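No lab work stands behind these numbers, since they all come straight from the coordinates. Keep in mind that what you see is a predicted model, and the values were worked out from it rather than measured. Positions of Cβ are generated from backbone atoms using ideal geometry, with glycine treated the same way; all protein chains shown enter the neighbour counts.
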Amino acid sequence: MSIVIENAALKNNALSYIEDTIEKVPALVQLRTEAAETFASSDFPSIQHEEWKYTNIKKLVSNTYSFSNDVNVTAADIQDYLIEGTDVMVFVNGVYNASLSSFTSTEKVIVAPLSEAIEKHQDLVLAHLGKYADNSLPFVGVNTASVVEGGFVYAKRNALSETPLMFLNVVSGDNIVVQPRVLAVLEEGAQASIIERNAVIKGEAVLVNSVAEVNVAERANLSHLKLQDEVENTSLVTLSEAQQADNSVYHNITITTGGHIVRNNLNIALGEHCEGLMTGLYLVKGKTLVDNHTMVDHKMPNSYSNELYKGILSDKSKGVFNGKIFVREDAQKTNAFQSNKNILLSQDAVVDTKPQLEIWADDVSCSHGCTVGALDEEPMFYLRARGIPEDKARGLLIYAFAGDVIEKISNENVRALVEKIVAREMGYDLI
Amino acid sequence: MLKINDLKASIEDKEILKGINLEIKPGEVHAIMGPNGSGKSTLASVLAGREDYEVDGGDVDFDGEDLLEMAPEVRAQKGLFLAFQYPVEIPGVSNTNFLRTAVNEVRKARGEEPYNAANFMKEMKEKMQIVSIDKSLMGRSLNEGFSGGEKKRNEIFHMAMLDPKLAILDETDSGLDIDALRIVANGVNTLRDGNRSFVVVTHYQRLLDYIVPDFVHVLYKGKIVKSGTKELALELEEKGYDWIIQEVEGQN
């Protein structure tokens with residue numbers, strides 16, 4: 001058995017799409033051409049590949065997708081996806097839609113679709129775009145080789161962007177692949193908050209292959225939420241690639257409540273005295289497969305990373321967690337913590353959890369732990385014995401289990417929305 | 001109010017209750033005493049509906065209905081309350097939110113309007129005084145990090161809020177110092193209104209100095225082997241359980 005899937009339809013179709021569109025944005029031709037060459041010489045991973053052991057994407061990459069599709073989407077179509085007090089940049093099947101978008105761009109905090117940023121701030125874009133994500137990975141390579149549009153935010157020195165910015169990828173149509181791209185760059189001391197979300201308002205067999213590159217300079221602070229409340233039959237492959245300079249903070253929060261196959265890759269590289277935070281919640285049912293692969297790279301001394309991923313799985317859903325902590329020889333005084341806790345609500349739900357610690361420094365404090373189990377009976381009985389019906393008691397306990405993940409979302413409106421989504425998914429009305 | 005008839009129960013094929021007969025009328029306080037392992041806590045658990053236990057025989061009538069047929073939450077909604085020997089710590093569920101859910105579920109089941117936030121707070125304030133429970137415990141996660149005394153007080157506070165017809169106190173005195181014991185007992189006495197009934201399960205007589213029972217039953221090897229009035233408790237305190245055990249074993 002081969003570790004790759006050869007002759008995948010997605011690869012061949014993507015290559016012709018890339019060829020057809022390569023001239024579209026002159027400034028990106030070189031980057032795209034190089035990525036396309038790399039992509040052309042690679043193949044999508046099969047389950048023989050160690051990093052894809054539990055996540056079979058054969059059907060996903062064998063499907064024939066269309067890469068563009070003009071549709072008319074109205075404000076009413078996306079109303080439910082907007083968040084109060086949050087700016088939004090909307091893409092419809094990959095195309096930027098100005099009339100549905102609502103955000104402010106200032107001299108200190110530049111917010112723009114990539115196509116516009118390329119025209120006005122070409123140097124800023126080209127200095128970072130494609131510089132962090134590893135294009136030799138096929139999903140990343142094909143995204144980079146296809147990039148003509150995306151979300152761009154650039155916060156200059158000490159700029160504070162108080163309003164969160166959501167990149168909303170609206171998809172409409174069957175067998176569509178969209179490849180969102182986000183580039184967020186924070187200069188020294190800047191602060192910002194971004195959200196990535198998809199809205200598949202119509203369509204079967206949609207594939208979203210997204211790449212977000214993040215560069216957080218010294219003392220800067222970026223909060224990055226991936227809100228994946230996907231509809232059935234939407235599959236996601238995502239990458240968040242974050243570079244942190246000294247004394248910076250980056251917090252990635254990934255919340256998944258649906259989809260067909262969801263594979264998230266999160267890589268953080270830390271400088272000195274950094275905080276790298278990884279928080280995740282997957283609350284899935286049906287046949288959803290959610291796979292979170294995370295890697296934190298402690299390159300320098302005195303940094304702190306903390307990872308908390310929690311899963312609640314019912315029906316025949318499946319969870320995969322692979323968390324790697326890499327501590328290099330120079331990274332003395334590293335503090336790295338990792339925890340993955342799972343509750344299985346049905347006999348058929350499965351979780352594969354694998355912590356990976358690779359430590360080359362000798363003066364470090366690292367811990368990891370994982371649990372997989374059913375909901376405890378004793379608290380259930382306690383709540384029921386006080387008059388709370390079984391389903392509500394279960395809801396309360398699940399909500400409590402998810403609570404310490406949700407409370408890490410600092411923006412009140414966003415937290416309220418996530419609470420609402422979680423409550424909806426477990427069929428429990430919050431009191 | 002409660003009529004237990006030849007109740008037999010087991011756990012993991014081990015027979016624990018071997019035919020309990022007991023009748024409790026409105027307003028009565030019954031103490032269930034007995035040596036360790038006699039089945040006292042099992043009786044409390046079976047009445048509250050803990051699913052670990054298998055009921056092997058007998059029946060329990062609660063105000064004209066078959067108690068054993070009811071789910072635990074239905075028993076609570078119908079007015080049965082169990083104060084746990086070991087109240088469970090539930091991180092992430094606040095004491096207040098939990099109680100509001102519980103109280104409103106019980107009210108709903110009784111055909112009463114659920115409390116709105118203001119009414120609930122008012123009711124809570126009033127009932128908090130009964131057990132002198134600290135306000136700071138309300139916002140915290142249910143029993144999490146509570147001291148032993150705080151947990152037991154919280155149980156009595158829940159009881160006051162849920163306003164049951166019949167309250168079972170399972171070794172509520174265990175692990176309490178004398179001050180905490182007095183506060184808990186005062187709380188219970190305040191709720192003794194002539195209609196509400198109590199089953200006080202305890203190993204020691206000292207709680208009964210504060211909660212004076214109408215009847216005292218001694219449970220041994222899964223059966224009530226002796227019943228009497230409060231004087232029986234005093235006799236047990238003085239002489240221990242051995243004489244009863246000898247009496248029972250002698251008969252066999």
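Annotations for the structure displayed:
- Listed residues B:VAL60, A:LEU165, A:SER367: farthest to the positive end of the dipole of the protein assembly as shown (Cβ charges): B:VAL60
- For region A:310-431, average projected area of the Cα convex hull in nm²: 9.5
- Chain B - share of DSSP beta bridges that are antiparallel (%, nearest 5): 60
- Distance (nanometres) between label positions extended 7 Å along Cα→Cβ at A:GLU412 and B:ALA109: 3.7
- As a calculated quantity, the FRET efficiency between A:GLU6 and A:ARG157 at R0 = 56 Å, using C-beta atoms, amounts to about 0.70.
- Simple spin-label estimate for A:LYS59 and B:SER132 in nanometres, 7 Å along Cα-Cβ: 6.6
- Nearby lysines by direct alpha-carbon distance to A:LYS24 (threshold 21 angstrom, same-chain neighbours under 8 apart not counted): A:LYS11, A:LYS120, A:LYS131
- Amide H contacts of A:GLY323 (H built 1.01 Å from N, under 5 Å, at least 5 apart or other chain): A:THR294, A:LYS354, A:GLN356
- Look at the stretch A:373-381: the mean tally of other chain Cβ atoms within 10 Å of its residues' Cβ atoms is 4.
- Mean per-residue shielding of peptide A:390-398 is 3, counting Cβ atoms of other chains within 10 Å of each Cβ.
- Distant-in-sequence amide contacts of A:ILE195, defined by a placed amide H-H separation under 5 Å and a gap of 5 or more residues or a different chain, comprise A:LEU165, A:MET166, A:PHE167, A:LEU225.
- Chain B, Rg to Rh (Cα coordinates; Rh as Kirkwood inverse mean 1/r): 0.97
- Loop-located GluC sites (Glu not before Pro) in region A:325-406 whose Cβ has at most 15 other Cβ within 10 Å (DSSP): A:GLU329
- Pairs beyond 23 Å (Cα-Cα), from A:LYS53/A:LYS420; A:LYS53/A:LYS341; A:LYS310/B:LYS151; B:LYS40/B:LYS239; A:LYS310/A:LYS354: A:LYS53/A:LYS420; A:LYS310/B:LYS151
- Per-selection Kirkwood Rh - the protein assembly as shown (Cα, Å, 1 d.p.): 28.5
- Averaged over B:55-62, number of beta-carbon atoms from partner chains that fall within 10 Å: 0
- Of the GluC sites (Glu not before Pro) found in region B:27-81, those in coil by DSSP whose Cβ has at most 14 other Cβ atoms within 10 Å are B:GLU51.
- Estimated [θ] at 222 nm from DSSP helical runs (n ≥ 4, -39500 (n - 2.57)) normalised by residues in chain B, nearest 500: -11500 deg cm²/dmol
- Restricting the calculation to Cα atoms, region A:25-132 shows an Rg/Rh of 1.04 when the hydrodynamic-style radius is the Kirkwood one.
- Mean projected area in nm² (Cα convex hull; one quarter of hull surface) for region A:108-199: 6.6
- Most simply put, chain A has about 10% antiparallel DSSP beta bridges, counting only bridges with both residues inside it.
- Over region A:359-408, the ratio between the Cα radius of gyration and 2.2 N^0.38 Å evaluates to 1.75.
- Counted by neighbouring Cβ atoms within 10 Å, the residues A:PHE103, A:PHE337 run from fewest to most as A:PHE337, A:PHE103.
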